[in-house]
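Taking it in order: structure first as structure tokens, then the write-up.
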Amino acid sequence: MLKTVKDAFESEENADSLMLKLPSTADGAVVLANRFNWRTNDPDVLAQLRETYIADGTDAQLRASIGGLQPDEPYGVSLSDCSLQPSTGGRVPRTYVRFTRDRAIPLALQNRMIGDAGRFDVHDLEASHFGVLTKAPQLAGILDALR
């Protein structure tokens with residue numbers, strides 16, 4: 001069972017993630033954080049970001065989606081247990097919207113997380129990682145039907 005973000009990131013199911021190809025901007029062991037320059041103007045890095053996170057979107061949507069992201073994610077976030085246990089889920093229904101064109105979190109990893117947590121009502125949306133921007137009406141339709 002995947003317990004941490006680090007476990008998920010290092011799993012075999014994540015081997016196809018394009019996040020693995022993005023250039024880090026600092027030595028994480030020194031700064032104790034995952035550091036990335038989301039405000040870059042490097043056209044090659046921007047092209048990588050678009051392919052990784054929002055290949056089905058526009059350049060403006062890419063800029064909007066990364067504009068509010070923070071450059072440092074403290075290591076503690078990646079090392080903390082964030083697993084969902086099927087036995088402690090209570091009676092609250094859980095839904096997972098699987099973005100089938102996600103190149104940041106590949107389908108294999110999404111499926112593993114779903115399987116590890118159990119008891120999900122799964123819906124598929126043909127969208128990239130930032131599908132909330134590129135497929136907002138379709139996502140709203142899925143969420144609206146949950147009522």
## Note on the structure
Within the stretch 18-53, the residues that are touching a Lys or Arg at 6+ places or on another chain (Cβ under 7 Å) and either closer than 17 Å to Ser65 by Cβ or among the basic types (Lys, Arg) (or both) are Leu18, Gln48, Glu51, Thr52
### Message
So for the stretch 78-97 (the condition being in contact (Cβ under 8 Å) with a residue 40 or more places away in the chain, open to solvent by less than 40 Å² (accessible area, probe 1.4 Å) and farther than 25 Å from Leu143 by Cα), does at least one residue qualify?
### Response
yes
### Message
Just to be sure I understand, how many residues within the stretch 24-33 are closer than 22 Å to Pro106 by Cβ and modelled with pLDDT of 90 or more?
### Response
0
### Task
Scan the stretch 4-22 and give yes if some residue there is open to solvent by 50 Å² or more (accessible area, probe 1.4 Å), under 17 Å from Lys135 (Cα atoms) and of a type in the set (Asp, Glu), otherwise no.
no
### Query
Going by the structure shown, is Asp121 out of contact with any helix residue (DSSP H, G or I) (no Cβ under 9 Å at 6 or more places or on another chain), open to solvent by 70 Å² or more (accessible area, probe 1.4 Å) and within 30 Å of Asp27 (Cα to Cα)?
no
### Task
Just give me the residues in the stretch 23-33 being under 25 Å from Asp44 (Cβ atoms), open to solvent by 70 Å² or more (accessible area, probe 1.4 Å) and touching a residue at least 12 places away in the same chain (Cβ under 8 Å), in sequence order.
Ser24, Thr25
### Query
Scanning for something modelled with pLDDT of 95 or more, open to solvent by less than 50 Å² (accessible area, probe 1.4 Å), over 24 Å from Gly28 (Cα atoms) and acidic (Asp, Glu), does the stretch 55-69 turn up at least one residue?
yes
### Query
Of all helices (runs of 4 or more DSSP H) completely enclosed by the stretch 1-75, which ones contain at least 2 residues that are within 20 Å of Arg103 (Cβ to Cβ) and more than 15 Å from the chain's Cα centre (by Cα)?
43-53, 59-66
### Query
In the stretch 108-144, what count of residues is obtained for those that are over 17 Å from Asn14 (Cα atoms), outside any helix (DSSP H, G or I), of a type in the set (Gly, Ala, Ser) and modelled with pLDDT of 95 or more?
1
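The values are calculated or read from the model by the stated rules, or taken from the named source; none is laboratory data. Because the structure is predicted, anything quoted here is derived from the model rather than measured. Cβ sites come from the backbone with ideal geometry, for glycine too, and all protein chains shown count toward neighbours. Ligands, DNA and RNA are stripped out before the accessible areas are found, and what is left, the full protein with its side chains, is counted by its heavy atoms. Shrake-Rupley method; radii C 1.70, N 1.55, O 1.52, S 1.80 Å.
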